[in-house]
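Let me begin by presenting the structure, written as C-alpha cells, before commenting on it.
All of the numbers you see were taken from the coordinates with simple rules; none came from a lab. In this text the structure is predicted, and so the values were computed from the model without any measurement. Cβ: placed from backbone, ideal geometry, glycine included. Neighbour counts: every protein chain shown.
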C-alpha cells in the first residue's frame, strides 16, 4: 500500500513538472515565428540567432540573423518571416551601435507592418526611435524613375521614383544617371536625427549638330540688334513673375512648417501608443489576446491610434517633400529669369499617387 501511494505521488510530481516545463517553453519567446522544415537554413540560423540573442551574444546573434535574412526567398518564405528576421537583425545591430544598418533593417521590416503582430511592431518601432537620432535620413525623388542612383559612388536598390535612405552623418554625394541623359548630382550634409529632401531631374542629353562636309556652303545667322546696335541678351523680369516667386517662397515655408507640425503630432501619438500598449501588456499577460475574437476594447483603440499615427506621419513627410520641391522650383525660377530668352518655356506639372506627391518641371532654359 505504501508503495502504491509513493508511486501515485511520484506520478503527480512528474506531471506537474512536465506541465510547468511545457508552460515555460510556450512563454519562452512570444515573438518567435513559426518554423518551417528542420533542415531549412533559414530556420536553423533563426534558432541560433535567438539563442545568442537571449544569452546577450550580440555579435553571434547578428551574424545568424544576417545569414537568415540573406537566405530568405519570397518563393519559400512568408512576408511575416522576412519582416520578423529583418526586425530582429536591426535590434541586434542597434545593440552593437551599428545605427545606420539598424535603421535600414528596422524600416524595411516596418514597411511590412501589416504582416507583424502588434507586439513585434511596438518592439521594432521602439528600436527605430532609438536608432533615428544617430543617422541622417535622405528623402530622394528621381525623374525619370528608371535612372540608376548612386550614393558616394555605390549603387542603391532597384530604380524607383522615391527613396528613403539612411546615412552616416557627414558629407555625401548622390548621383542619378541614365543612358541618353545627362548625369544629375547633388552634394549635401547629412545631419544626425534630421531629414534631407532632394529632387533630381535627369535631363536628356543634347545631341550635337552634324559637322558640315567640306566645300559645303555655310549659312550663318546673325541675331537681331537692338536700336542701339547691341544684342539683346536678357529679359527684364516681370512684376507678375516676382509676385509668383514671393508666393512660392511663402507657400514652401508654410507647407514645410505644416509638415513639421504633423510629424510632431505623430511623435506625440507614437508615445501615447507605446504607453497604452505597455499598460495593456501589464494588465493582460496573454500575449496573443488582441488576435482573439474576444479581444478587449483596448486592442481596437490601439489599432485606431496606430492608424492615426501612420496617417500623420505620411502627411507630414509629404508636406515636407512638397514644400522642398516648391522652394527648389522657386529658387530655380530666379536663375532661369536671368538667363532665359522669350522663346524659352517651362511647365510645372503636379503629380500625386497613393504613395507620393510632388511637382515635375519640364522645359528648356
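Treating only the Cα positions of the stretch 36-134 as identical point scatterers, give the base-10 log of I(q)/I(0) from the Debye formula at each q in 0.20 Å⁻¹.
Cα-only, vacuum Debye calculation for the stretch 36-134: -0.94.
What are the extents of the Cα atoms of the stretch 93-138 along their three principal axes, listed from largest to smallest and rounded to whole Å?
Cα spread of the stretch 93-138 along its principal axes, largest to smallest: 27, 22, 13 Å.
How high is the relative contact order of the stretch 58-190, in percent, counting Cα pairs under 8 Å that sit 6 or more residues apart?
For the stretch 58-190, the relative contact order is 18 percent.
Tell me the relative contact order for the stretch 135-206 as a rounded percent, counting alpha carbon contacts under 8 Å between residues six or more apart.
41
If packing is taken as the mean number of other Cβ atoms within 10 Å per residue, what is the order of 40-49, 71-80, highest first?
40-49, 71-80
In the stretch 135-206, how does Rg compare with the Kirkwood Rh, expressed as the Rg/Rh ratio over alpha carbon atoms?
0.97
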